[in-house]
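Participant: After the C-alpha cells below, expect a handful of questions from me.
The values are calculated or read from the model by the stated rules, or taken from the named source; none is laboratory data. As the structure is a prediction and not an experimental result, all values here were calculated from the model. Glycine also receives a Cβ, built like all others from the backbone with ideal geometry; neighbour counts cover every protein chain displayed. When the accessible area is computed, the model is the full protein with side chains, heavy atoms only, and any ligands, DNA or RNA have been set aside. Shrake-Rupley method; radii C 1.70, N 1.55, O 1.52, S 1.80 Å.
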Amino acid sequence: MQHLFSVWQEFSKRLKAASRVLLLCDYDGTLTPIVDRPELADLSEKTRQLLQALVRQSHFTVSIISGRALADLRQKVGISSIIYAGNHGLEIEGPGIGLVNPLAEEMRPVFRLINQVLNKALAPVKGVQVEDKGLTVSVHYRMVEEGKSEEVRNIFEKVIATARSLGKVRITSGKKVYEVRPAVDWDKGEAIALLINRYGRTKTKKELLPIFMGDDQTDEDGFRVIEKHGGISVFVGEKPDHSAARYYLKSPAEVEQFLERLVHPASNV
C-alpha cells in the first residue's frame, strides 16, 4: 500500500484523463477526526469550503457515505447538491435520487424496540451511548472506563441474540462501536456500485474515475468495489496491515490537504 501523496504525479495523470470524477467520502475518521461522542464530530469550515468548491466543478460529483443516519449526515455537512448516503447506504438522497431500502424500512419497528431494550440494559454502564438511527442502531463505548468493554459486549450480545438467531439483524463492529443492521444484502460497497452506475457513467467506463476514502472495517466493501471499477481506494489512518484499499492517507488532516489539491491542481500544496 502506497501513501497517496508519494504517487501524486501518477494520480494527477489519471485525474486529468477522466472526464468525470465521482468522489465518495466516509465522514467520521475520514473528513473529521474520531471523537468521544458522535455529535461532537463537526466538519471544519475549511473542509466544508473545499467540498463546496468541488461540487461547483461540473466534472465532479461528490457523495458522503456514512454509517450515520441520513438526516444527521445532511445536517453535519450542510452542502446542497451533494449525494448523501446514510446508514451505510440504506438511505440515499441527492440530485436525481431519493431511496430507502424497502426491506430496511419494514424493519423500523423492530429497530425501535431494539433501541429501547439496549438503552435499558446498558443504562448501568457509565459512558455507553446507544444511538437510534432509524434503520439501524449503534452502541458507542469509547467513553466506557477501562475494563468495562467486556461487560458492554456481553450485555449487547444477550440483547440482540434472539433477533440475530431469527435472521432479522446482522452485527458489525468498528472503532469502539457495535452496529445492529437489518439482515439485508446491502452495504457501502453495494451503495457505491449503485452511485457509480447512476452518476458516473458517461460514454465509456474509462472516462469515469471513482475515488473512495474511508477509515474503518465497514469501508472495506467500498474499497473492493472501487478496485473492481478501476478507481482510487484510499484508507485513512496509519498504514494498515490488511486492507482492500490501494493507497492511504494518514489522517483527516491529510484528507483536507488532498481535497485542496483537487480544488487547486496547478498549485504545489
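Participant: GLY230 versus (1) more than 14 Å from the chain's Cα centre (by Cα); (2) closer than 24 Å to HIS59 by Cβ; (3) assigned to a strand (DSSP E or B): which is the lone unmet condition?
Facilitator: Failing condition for GLY230: (3).
Participant: One residue is enough: does the range 82-93 have a residue meeting the conditions out of contact with any Pro (no Cβ under 8 Å at 6 or more places or on another chain) and surrounded by fewer than 20 Cβ atoms within 10 Å (Cβ to Cβ)?
Facilitator: yes
Participant: Could you please find all residues in the range 1-15 being touching a strand residue (DSSP E or B) at 6+ places or on another chain (Cβ under 8 Å), surrounded by fewer than 17 Cβ atoms within 10 Å (Cβ to Cβ) and not in a strand (DSSP E or B)?
Facilitator: MET1, PHE5, VAL7, ARG14 - these are the residues of the range 1-15 that are touching a strand residue (DSSP E or B) at 6+ places or on another chain (Cβ under 8 Å), surrounded by fewer than 17 Cβ atoms within 10 Å (Cβ to Cβ) and not in a strand (DSSP E or B).
Participant: Restricted to the range 40-61, and to residues that are β-branched (Val, Ile, Thr) and in contact (Cβ under 8 Å) with a residue 40 or more places away in the chain, which residue is least open to solvent (accessible area, probe 1.4 Å)? Break it down into steps so the answer makes sense when it comes.
Facilitator: Residues of the range 40-61 that are β-branched (Val, Ile, Thr), as a first pass: 47, 55, 61.
Of the ones still in play, those that are also in contact (Cβ under 8 Å) with a residue 40 or more places away in the chain are 47, 61.
Numbers: THR47: 4, THR61: 20 Å².
Selected residue: THR47.
Participant: Of everything in the range 94-107 that's touching a residue at least 24 places away in the same chain (Cβ under 8 Å) and in a helix (DSSP H, G or I), which residue is least open to solvent (accessible area, probe 1.4 Å)?
Facilitator: The extreme case among them is ALA104.
Participant: Something else: Out of all the residues in the range 16-31, which are among the basic types (Lys, Arg) and either out of contact with any strand residue (DSSP E or B) (no Cβ under 8 Å at 6 or more places or on another chain) or not in a strand (DSSP E or B) (or both)?
Facilitator: LYS16 - this is the single residue of the range 16-31 that is among the basic types (Lys, Arg) and either out of contact with any strand residue (DSSP E or B) (no Cβ under 8 Å at 6 or more places or on another chain) or not in a strand (DSSP E or B) (or both).
Participant: Let me ask you something else. Report yes if some residue within the range 152-171 is at pLDDT below 95 and within 18 Å of the chain's Cα centre (by Cα); otherwise report no.
Facilitator: There is at least one residue in the range 152-171 that is at pLDDT below 95 and within 18 Å of the chain's Cα centre (by Cα).
Participant: Shifting gears a bit: Picking from VAL125, VAL130, which residue would you name as being in a strand (DSSP E or B), open to solvent by less than 50 Å² (accessible area, probe 1.4 Å) and not basic (Lys, Arg)? Quick ask: steps written out before the conclusion?
Facilitator: Numbers: VAL125 fails: in a strand (DSSP E or B).
Only one candidate qualifies: VAL130.
Participant: Another question, then. For VAL110, are the conditions met, namely being assigned to a helix (DSSP H, G or I), in contact (Cβ under 8 Å) with a residue 40 or more places away in the chain and of a type in the set (Val, Ile, Thr)?
Facilitator: On the way: assigned to a helix (DSSP H, G or I): yes; in contact (Cβ under 8 Å) with a residue 40 or more places away in the chain: yes; of a type in the set (Val, Ile, Thr): yes.
So VAL110 passes the test.
Participant: What is the residue count in the range 246-268 for residues that are in a loop (DSSP other than H, G, I, E, B) and within 15 Å of LEU209 (Cα to Cα)?
Facilitator: Looking only at that region, the number is 1.
Participant: Then there's this: Which numbered condition in (1) in contact with a Gly (Cβ under 8 Å, 6 or more places away or on another chain); (2) closer than 20 Å to GLY29 by Cβ; (3) surrounded by fewer than 16 Cβ atoms within 10 Å (Cβ to Cβ) is the only one that GLY78 fails?
Facilitator: (1)
Participant: Of the numbered conditions (1) touching a residue at least 60 places away in the same chain (Cβ under 8 Å); (2) open to solvent by 20 Å² or more (accessible area, probe 1.4 Å); (3) part of a helix (DSSP H, G or I), GLY222 satisfies every one except a single condition; which is it?
Facilitator: (2)
Participant: Kindly provide the set of residues from the range 48-75 that are assigned to a loop (DSSP other than H, G, I, E, B) and closer than 17 Å to ASP26 by Cβ, ordered by number.
Facilitator: SER66, GLY67, ARG68, ALA69
Participant: Now for a separate question. Which residue out of LEU194, LEU209 is assigned to a strand (DSSP E or B) and either open to solvent by less than 40 Å² (accessible area, probe 1.4 Å) or closer than 26 Å to LEU99 by Cβ (or both)?
Facilitator: Only one candidate qualifies: LEU209.
Participant: Any idea which of (1) part of a loop (DSSP other than H, G, I, E, B); (2) open to solvent by less than 60 Å² (accessible area, probe 1.4 Å) is the one VAL159 doesn't satisfy?
Facilitator: (1)
Participant: Also, I was wondering about something else. Only residues that are within 19 Å of PRO109 (Cα to Cα), open to solvent by 30 Å² or more (accessible area, probe 1.4 Å) and touching a residue at least 40 places away in the same chain (Cβ under 8 Å): list them for the range 162-187, please. Full working, then the answer.
Facilitator: Initially, the range 162-187 is screened for residues within 19 Å of PRO109 (Cα to Cα), giving 162-171, 179-184.
Now restrict to residues that are open to solvent by 30 Å² or more (accessible area, probe 1.4 Å): 162, 164-168, 170-171, 183.
LYS168 - this is the single residue of the range 162-187 that is within 19 Å of PRO109 (Cα to Cα), open to solvent by 30 Å² or more (accessible area, probe 1.4 Å) and touching a residue at least 40 places away in the same chain (Cβ under 8 Å).
Participant: Go through the range 192-216 and give me each residue that's within 17 Å of ALA245 (Cα to Cα) and at pLDDT 90 or above.
Facilitator: ILE192, ALA193, LEU209, PRO210, ILE211, PHE212, MET213, GLY214, ASP215
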